[in-house]
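So the structure is just underneath, and the comments pick up after that.
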Amino acid sequence: MAEGTPQLPLAAMLLFGLLLHTVSQHGPTADKPKEKPNFIIILADDIGWGDLDANQLEERANNTPYLNLMALQGLRMTDFHSPASTCSPSRAAILTGRYGLRNGVTHNFGVKSLAGLPLSEVTLPQLLQKAGYHTAMIGKWHLGHNGLYSPTNRGFDYYLGIPFSNDMGCTDIPGYNLPQCLPCDSYGPQVIRLKRNIHGGCYSRIGLPLIENSTIVEQPLDLWTLTEQYKSAALRIIHNASERGQPYLLYIALAHMHVPLAPPLSPDAPTTDNHPNSGVYAASLRELDSLVGAIKNASEATDRDNTLIWFTGDNGPWEQKCQYAGSVGPFRGKWQTNKGGGSAKQTTWEGGHRVPTVAYWPGRIPANTTSSALLSGMDIFPTVLSLAGVTLPSDRRYDGIDATNILLHGEQLGHEFLFHPNSGAAGRFGDLQTVRSGRHKAFYITGAAEACSGETGKQQVHDPPLIFDLERDEAEETPLDVKTTEYQVVAERIARRREKLLWDIATDKSVSIADYRTDESAAPCCDLTQTVCRCPRLG
């Protein structure tokens, strides 16, 4: 157990929550702060809605004590969704406020990718940078690592992290994975070829690089010291910006849950409900939570009342990783799992895109509040810009909404309609064939990702669409009867809006097209003469 970890038993959490709620009734301060606010956006990779203890108090876990505290002191959003159910498209939509069909990023970039997020797209850090903000990023980028596509050319003044997922390159001591990745030293001198190893789960011919700004500072990096390096960089960025008196954006993208890194807990430690052997995952979740706590403490010590911290996830759990995957909570996609396959990451079932989300801003966001407004990671873009007093560029169309009144004033009106893009389980990448409208959700196509058992479900096109009532059936098990009036009214409303959006995108002159070409030479490598591009750590 980390020193200083807050211990909040259920009774204490409820009592503390009551006190905070009473205090919060005085309301937040005025809408416009005297200074430009700071923003800390924390994005967790492959995290499940049920991984946040505060979302499932009945489970009595204690894996996220710092996030629990942040939820008690801030706003917990229970119906918040990643913009896609896989890495690159979700991140692109968060940083642009646009669906993948507009920003061009509909599926993942790889180690050999020549390009990334189209250069025609305007990013959140670019706009804040022009407004006088110091912009920094730490962690997983996954939107192009070459030349103009790298973070420091997309609006970030500073970058420290990995260019893609933490299993897309070998390390000397790999993280926990299924199948288990082989260490770099398993391979002798040879020409580097970017092929997955015989186990099918990992890249083994190139070392996973750690990049600072535009320089590879370590290859292969040490996964087991990465959290401390990230923590040190984050605290330095926060303190330096405070000393300069400059507002800042700090975007932290953590890959802890993609391939768990922390050592397992003791045998009697609590585990998630759906994985009795998930001690490793729980320990990695606690390490991520501890890092969040350190960042929160640093922001409170420097500019407490003028910093918004927004924590969320890029997509749901990677179910095929079995005990190394997170919990979807009650959102199990039973219609699909009953037919075979998984219903989390890569799918448009709730477990694939409904993610744990907490916002914290002392004095601005009322404490101990919960929002059931229908929101998306795309909303971060217009909301942050609105709070910073930055006008959205008028030369393009956006899909995110300004959620300022939801954050600060308790309004519950989010998206009237929210579309979930195909993310690998079925259909063409990026197509908007799943639609949410209020309590209802329509599927024009269904499919399953690979389950822990190895099963995959068949793709099915639905005409008329399957429609579920999530208030009555959060597990998405039994669709509405197509003969009912409820079904017919909802189906017609959703069909009209879907047709309108598709026409809007088809006529949108600001639509970008991503370049997904690949080449062996595009892989990040600090020394081509060395096996797995090995080079000593700089600095």
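On a full-extension model of 0.36 nm per residue, what is the gain between K334 and Q246, subtracting their alpha-carbon distance, rounded to one decimal in nm? Kindly include the intermediate steps, with their values, before the conclusion.
Numbers: separation 88, 0.36 × 88 = 31.68 nm, distance 4.93 nm.
Going from the current span to full extension adds 26.8 nm.
In the full protein assembly as shown, how much of L57 is accessible to a 1.4 Å probe, in Å² to the nearest 10?
Accessible area of L57: about 60 Å².
Can you pull the percent of the stretch 26-171's accessible area that's carbon plus sulfur, 1.4 Å probe, other chains left in place?
Details: 1900 of 3660 Å².
Of the solvent-accessible surface of the stretch 26-171, carbon and sulfur hold 52 percent.
Could you pull out the pairs from K130/K509; K140/K231; K140/K345 whose alpha carbons sit more than 19 Å apart here?
Values: K130/K509 24 Å; K140/K231 14 Å; K140/K345 17 Å.
From the list (K130/K509; K140/K231; K140/K345), the Cα-Cα distance tops 19 Å for K130/K509.
At 0.36 nm per residue, and after removing the present C-alpha to C-alpha distance, how many nm does the segment from Q459 to E411 gain when stretched out fully?
Working: separation 48, 0.36 × 48 = 17.28 nm, distance 3.82 nm.
Result: 13.5 nm gained on full extension.
For the chain, what is the per residue volume of the convex hull drawn over the alpha-carbon atoms, in cubic angstrom? Display every interim value, and only then the final one.
On the way: hull volume 77.4 nm³, N = 539.
Spelled out: Cα convex hull of the chain, divided by residues, is 144 Å³.
For the chain, which longest stretch is free of loop sites, where a loop site is one of the GluC sites (Glu not before Pro) that DSSP puts outside H, G, I, E and B and that has at most 11 other Cβ atoms within 10 Å? Mind showing how you got there, number by number?
Details: sites that count: E3, E35, E471.
By the stated rule (loop sites, at most 11 other Cβ atoms within 10 Å), 36-470.
Suppose each label sits 7 Å from its Cα in the direction of the beta carbon; what would the R397-D504 distance come out to in nanometres?
Output for this residue pair reads 0.6 nm.
What figure in square angstrom, to the nearest 10, would you give for the accessible area of D431 with a 1.4 Å probe?
Solvent-accessible area, nearest 10 Å²: 30 Å².
Test of understanding: what is the full-extension gain from R472 to L119, defined as 0.36 nm times their sequence separation minus their Cα-Cα distance? Write down the numbers at each step before the final one.
Working: separation 353, 0.36 × 353 = 127.08 nm, distance 4.38 nm.
Going from the current span to full extension adds 122.7 nm.
At 1.4 Å probe size, with no ligands or nucleic acids counted, give the accessible surface of H353 in Å², nearest ten.
Answer for H353: close to 0 Å² accessible.
In units of 2.2 N^0.38 Å, what is the alpha-carbon radius of gyration of the stretch 408-458? Mind dumping the intermediate values first?
Details: Rg = 14.6 Å, N = 51, 2.2 N^0.38 = 9.8 Å.
With N residues counted in the stretch 408-458, Rg over 2.2 N^0.38 Å equals 1.49.
About the Cα centre, and with charges only on the beta carbon of Lys, Arg (+1) and Asp, Glu (-1), how big is the dipole of the stretch 323-479? Nearest 20 debye, please.
Working: 14 positive and 17 negative charges, 44 e Å.
So the dipole magnitude of the stretch 323-479 works out to roughly 200 debye.
Which of the DSSP-defined H helices in the chain satisfy a minimum axial length of 20 Å, computed from C-alpha atoms, and a minimum mean Kyte-Doolittle hydropathy of -0.5? Mind showing how you got there, number by number?
Working: long enough: 10-24 (21 Å, 2.01); 226-244 (27 Å, -0.62); 279-303 (36 Å, 0.09); 485-506 (32 Å, -0.54).
Helices meeting the criterion: 10-24, 279-303.
In square angstrom, what is the accessible area per residue of the chain with a 1.4 angstrom probe? Can you show the working numbers first?
Numbers: 20900 Å² over 539 residues.
That works out to 39 Å² for each residue.
Please return the longest stretch of the chain lacking exposed loop sites, where trypsin sites (Lys or Arg not before Pro) count only if DSSP places them in a loop and at most 12 other Cβ atoms lie within 10 Å. Intermediate results must be reported in sequence, preceding the final value.
On the way: sites that count: K34, R60, R193, K195, R428, K458, R472, K483, K509, R517, R537.
The segment 196-427 is the longest one with no such site.
Compute the semi-axes of the equivalent ellipsoid of the stretch 399-539, taking the square root of 5 times each eigenvalue of the Cα gyration tensor, and list them largest first in whole Å.
39, 22, 18
The values are calculated or read from the model by the stated rules, or taken from the named source; none is laboratory data. Being a predicted model, the structure only gives us computed values, none of them experimental. All Cβ positions, glycine included, derive from the backbone under ideal geometry; neighbour counts span all protein chains shown. Just so you know, the surface numbers come from the protein's heavy atoms only, side chains and all, with ligands and any DNA or RNA stripped out. Shrake-Rupley method; radii C 1.70, N 1.55, O 1.52, S 1.80 Å.
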